[in-house]
Amino acid sequence: MNGPEGVIPVLVVEDDPQMAGLLKRGLTEEGYDVTVAADGVQGLLAATRTPPGIAVLDVMLPGMSGFELCRRLRETQPSIMVLMLTARDDVDDRVRGLDAGADDYLVKPFAFSELAARLRALRRRDSPSTPSVLVVGDITIHTVSHDVSVEGVPVHLSPKEYQLLFLLGTHFEQTVSRTSIMTEIWGTVAHADLNIVDQYVSYLRRKLDVIPAQTRVVTERGVGFRLTASP
């Protein structure tokens with residue numbers, strides 16, 4: 001969602017006043033319209049008053065955790081882009097945040113230039129040039145609503161499972177490396193365990209196998225993954 005003259009409203013929810021001030025100043029200089037809230041409850045109220053296009057959420061917040069706030073924002077604003085900030089470089093925390101609907105995460109301390117680059121990457125992924133419907137084999141992906149179906153049967157995916165399927169779908173019958181998947185979906189390979197890619201591939205496979213879909217994810221050993229139609 002854009003504000004006046006295409007300016008994107010950004011909601012920053014951060015309980016550290018110094019960090020919040022730095023983020024507000026830096027993002028304003030980047031051309032965003034920034035609203036700051038000091039806790040999760042205030043953040044939810046601010047999002048209700050002025051729906052943001054992007055939310056930057058600290059994980060550890062008073063009143064309501066960043067995980068819960070992310071989940072609630074996703075319920076009312078499915079198209080919002082969410083970047084979570086965490087002080088702990090812990091895979092379980094990152095997986096929990098991504099499953100709550102976050103698009104990306106950043107471990108504190110971080111350089112502001114990296115945060116700005118992550119937001120630019122999220123905006124590129126949200127580009128309106130994306131087709132509204134992508135059909136790959138027997139899978140149909142609705143890129144606006146993020147609905148996925150196999151021959152009309154709905155497939156319920158988490159946000160990251162959806163992004164993985166969409167990425168592989170846009171490279172149908174092409175192998176995509178783990179590093180490329182990590183960079184495109186999670187924004188970076190820094191502070192990251194590439195095994196998280198294999199974990200989400202496993203999640204996606206299980207959900208497609210239940211239908212079952214004839215289009216499947218295959219592993220190119222030592223290279224990456226490919227979405228292909230069964231012969």
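The values are calculated or read from the model by the stated rules, or taken from the named source; none is laboratory data. These numbers come from a predicted model, not from an experiment. Accessible surface is based on the protein model in full, side chains and every heavy atom, while ligands, DNA and RNA are left aside. Shrake-Rupley method; radii C 1.70, N 1.55, O 1.52, S 1.80 Å.
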* Tilt of helix 195-210 relative to the longest C-alpha principal axis of the chain, in degrees (0 to 90, nearest 10)? -> 60 degrees
* Residues of type aspartates and glutamates that K207 reaches as a straight line, Cα spacing below 19 Å, ignoring anything fewer than 8 places off in the same chain -> D99, D138, D147, E151, E161, D198
* Can you work out the accessible area per residue across the range 58-107, with the rest of the protein chains kept in place, probe 1.4 Å, in square angstrom? => 40 Å²
* Pairs of Cα atoms under 8 Å, at least six residues apart: use those to get the relative contact order of the range 162-226, whole percent. => 44 percent
* Cα centroids of the range 146-173 and the range 1-64: how far apart, whole angstrom? -> 30 Å
* Structure fact -> Given backbone amide H placed at 1.01 Å from N, residues whose amide H is under 5 Å from that of Y105, ignoring those fewer than 5 places away on the same chain, are M84
* Asked: Cα to Cα, under 30 Å, and not fewer than 8 places away if on the same chain: which lysines meet these conditions relative to K24?
  -> K108, K160
* Carbon + sulfur, % of accessible area of the range 18-83 - ligands and nucleic acids excluded, 1.4 Å -> 55 percent
* Using all C-alpha to C-alpha distances in the range 1-73, build P(r) with 10 Å bins and read off the rounded percent in each one. => 23, 54, 22, 1
* Kindly provide the helix-only [θ] at 222 nm of the chain, computed as the sum of -39,500 (n - 2.57) over DSSP H runs of four or more divided by all residues, to the nearest 500 deg cm²/dmol? => -11500 deg cm²/dmol
* To do: Provide the gained length on full extension for the span V133 to E30, in nm with one decimal, where the gain is 0.36 nm per separating residue minus the Cα-Cα distance.
  => 33.9 nm
* To do: Mind pulling the angle between the C-alpha long axis of helix 40-49 and the longest principal axis of the chain? Nearest 10 degrees, somewhere in 0 to 90.
  => 80 degrees
* **Relative contact order [Cα under 8 Å, 6+ residues apart], the chain, whole percent** => 13 percent
* Structure fact -> In the range 21-172 the DSSP beta bridges are antiparallel at a rate, in percent to nearest 5, of 55 percent
* To the nearest µm²/s, what D does Stokes-Einstein give for the range 33-189 at 37 °C and 0.692 mPa s, using the Kirkwood radius over alpha carbon pairs as Rh? -> 199 µm²/s
